[in-house]
Amino acid sequence: MRIADRASGLNALSVRSYNERLVLSLLLQNEGISRMEIGEKTGLSAQTASVIVRSLEQEGLVSQGEAQRGRVGPPTKPLSLNAEGAYAVGVGFSRRRIDIALIDFIGTVRFHKQLPAEEANPFPQSADLLQAIREAMTSLPVEARCRIAGVGLAVPDEVDTLAANRNGSSTSLKTLQGEIEEQIKLPVFVQNDITAAAGGESMFGVAKPLNDYLFFYLGARLQSRLILNHQIYKGNSSASFDHGLIRLETELSARGQPSEIIWSSSPEWPDLGAAYTEWLDECSNRLKVSISALNQFVEFRTVVLSSYAPQKIAMALCTDISREFANIEALPARVTISPKAVGAASLPFSSRFMIQ
């Protein structure tokens with residue numbers, strides 16, 4: 001970035017802050033690189049890169065590995081983000097469940113809890129949610145709690161709209177955000193839930209090395225985001241495809257089968273019979289139609305499928321997609337424990353430590 005690219009000037013402090021974010025973003029994408037490689041990839045001088053790395057180490061955000069010997073020249077020490085350098089809490093709102101997760105600086109889930117939710121009352125009693133957030137925070141050792149960067153909220157558009165209609169105003173989410181900030185004493189960041197899930201996968205999942213890909217989230221409905229040059233595009237419409245878990249729930253209920261298991265985030269489902277098989281075929285066909293339509297206008301080589309359902313379902317759908325499109329690789333998401341909540345928790349990291 002050149003100073004001339006910004007409308008306002010940059011002082012020495014803001015330049016250093018940008019360079020620190022640049023190094024942290026590089027380490028997020030490239031674990032175990034050396035100071036020399038940081039200089040080569042960022043264009044920073046060896047001295048500047050060394051000073052920044054040393055400062056980040058002192059702050060506990062970066063850690064060194066064992067010296068690598070056997071190369072030409074002096075041994076080099078690989079650098080990585082320190083998992084315990086920062087933490088964040090994420091809250092993912094869905095139609096039936098609210099997930100609360102605490103993650104460390106490399107995206108590992110350290111705490112996970114669910115609260116029940118009702119379609120007619122999408123936001124729970126704030127006392128319950130605040131208590132769950134406090135539980136997440138106190139799951140850390142006392143000395144680590146000062147490293148919590150903030151709280152993220154991943155909220156579906158329809159949930160916020162429903163809450164606004166129920167309360168007769170559009171301030172429900174803002175009120176909740178303000179209450180969390182007041183009670184928890186941490187900044188709160190808000191993002192659309194599918195965009196947050198895509199961002200979490202870009203930061204911590206299989207999409208880390210990808211510049212361009214098509215992201216699908218299979219939850220209550222089937223929704224998508226297009227990522228081009230690391231930027232997430234929602235499009236002009238909030239429309240989604242009615243091929244998600246709501247459709248499966250409807251089919252199971254019509255056949256007199258229990259459906260509660262599909263909302264439990266269980267790693268395995270029991271045999272759900274023909275209703276499940278037919279639903280999975282519908283999902284696969286809908287995905288293929290969407291990919292084919294978009295591929296006529298935008299060139300992409302990778303599809304990433306994230307899911308509230310068990311991982312084996314995402315793997316089965318990815319196999320079907322890869323079989324259908326010879327030039328497209330379909331990958332199941334790596335973030336499997338509450339992708340929305342993990343994506344929400346990534347928001348404080350993006351805001352405070354990374355290049356936007």
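For the reader, a short list of remarks on this structure follows.
- Yes/no for E31 being assigned to a loop (DSSP other than H, G, I, E, B) and modelled with pLDDT of 75 or more: yes
- Subset of segment 295-319 (residues that are more than 27 Å from S94 (Cα to Cα), open to solvent by less than 50 Å² (accessible area, probe 1.4 Å) and more than 21 Å from the chain's Cα centre (by Cα)): V298
- Options I106, I98; residue that is closer than 16 Å to L176 by Cβ and at pLDDT 90 or above: I98
- Any hit, segment 80-93, residues being modelled with pLDDT of 90 or more, open to solvent by 80 Å² or more (accessible area, probe 1.4 Å) and either assigned to a helix (DSSP H, G or I) or on the phi > 0 side of the Ramachandran plot (or both): no
- Odd one out for R134 among (1) surrounded by fewer than 21 Cβ atoms within 10 Å (Cβ to Cβ); (2) modelled with pLDDT of 90 or more; (3) not in a helix (DSSP H, G or I): (3)
- Listed by first and then second residue, the pairs linking a residue in segment 310-332 that is farther than 18 Å from Q296 by Cβ to a residue that is in a helix (DSSP H, G or I) and among the basic types (K, R), with Cβ atoms under 8 Å apart and 6 or more places separating them unless they lie on different chains, are D320/K288.
- Answer from L222, L186, L245 - the residue that is buried (at least 22 other Cβ atoms within 10 Å of the Cβ) and over 19 Å from the mean Cα position of the chain (by Cα): L245
The values are calculated or read from the model by the stated rules, or taken from the named source; none is laboratory data. Because the structure is a prediction, the values reported are computed rather than measured. Because the Cβ atoms are built from the backbone with ideal geometry, glycine has one as well, and the counts that use them run over all protein chains shown. Areas reflect the complete protein model, heavy atoms only, side chains present, ligands, DNA and RNA absent. Shrake-Rupley method; radii C 1.70, N 1.55, O 1.52, S 1.80 Å.
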